[in-house]
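Reading through the structure tokens given below for one structure.
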Amino acid sequence: MHINFPTQIELLSAAQSLTEHWSPRVVAQVNDQYVKVAKLLGQLAWHDHSGEDELFLVLSGRLRIEYRDQPPVELAVGSIHVVPRGVQHNPVAEQECLIALIEPIATRHTGDVATDRTRGINEQLRAIA
Ligand code: NI
């Protein structure tokens, strides 16, 4: 699938323009990875991605990545964190947080867990309003 993305993206503006929490949108493709933006509030769901690492970059606010067997990772603006493949995690935003994500095209954002927050890739590929 070849998609024409805009040639220049201002990540913070793109994330700010989102109207729904926990509904990532794809803004670019790099090889086999998508770059996405998302607006977060509250917690997503415990899940893992069995074959894919997932990179979080905080654009505004703060994000906590909770783990089952290790301390949570607290991310401030400008920080990145890579969630290793196969590791259960739960993203939590106590207050609204804007992020960019880099993850493989095949990644499902709630892993094998289907929740009412799960968004299919076609929905993530819709143009940002
Ligand atoms: Ni994840």
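Throughout, read-outs are computed from the coordinates displayed, never taken from laboratory work. Since we're looking at a predicted model, the values are computed, not measured. Cβ sites come from the backbone with ideal geometry, for glycine too, and all protein chains shown count toward neighbours.
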Point to revise | Projected label distance in nm at ARG117 and ILE9, using a 7 Å step from Cα toward the beta-carbon | key: 2.1 nm
Review point. Assuming R0 = 25 Å, what is the FRET efficiency of ALA106 and SER79, from their Cβ-Cβ distance, to the nearest 0.05?
Key: 0.45
**Study point:** trypsin sites (Lys or Arg not before Pro) restricted to DSSP loop in region 42-129 with at most 10 other C-beta within 10 Å
**Key:** ARG68
Point to revise | Size of the chain as Cα extents on the principal axes (Å, biggest first) | key: 41, 28, 26
Point to revise | Inter-centroid distance (Cα atoms) of region 87-129 relative to region 53-69, Å | key: 12 Å
Check your understanding: With contacts defined as alpha carbon pairs under 8 Å and 6 or more residues apart, what's the relative contact order of region 60-129 in percent?
Key -> 30 percent
Check your understanding: Treating the beta-carbon of each Lys and Arg as +1 and of each Asp and Glu as -1, no other charges, what is the dipole magnitude of the chain about its Cα centre, to the nearest 20 debye?
Key -> 240 debye
Exercise for review: Report, by chain and number, residues whose modeled amide H sits under 5 Å from the one on GLN29, excluding near sequence neighbours (fewer than 5 apart, same chain).
Suggested key: VAL35
Revision key, fill the gap. Taking 0.36 nm per residue of separation between ALA127 and SER60 and subtracting their Cα-Cα distance, the length gained on full extension comes to 22.0 nm
Check your understanding: Gaussian network model of the chain, Cα springs within a sub-10 Å range: biggest mean-square fluctuation belongs to which of PRO24, PRO84, PRO71?
Key -> PRO71
Check your understanding: So what is the relative contact order of region 13-88, in percent, for Cα pairs below 8 Å that sit 6 or more residues apart?
Key -> 27 percent
Point to revise | From phi via Karplus (6.51, -1.76, 1.60), per-residue ³J(HN,Hα) for region 47-60 in Hz, x at Gly/Pro | key: 6, 9, 10, 5, x, 9, 6, 9, 9, 10, 10, 7, 9, 7
Practice item. Could you tell me which of ALA28, GLY86, TYR67 has its Cα farthest along the dipole of region 28-108 towards the positive end, charges placed at Cβ (Lys, Arg +1; Asp, Glu -1), taken about the Cα centre? Key: ALA28
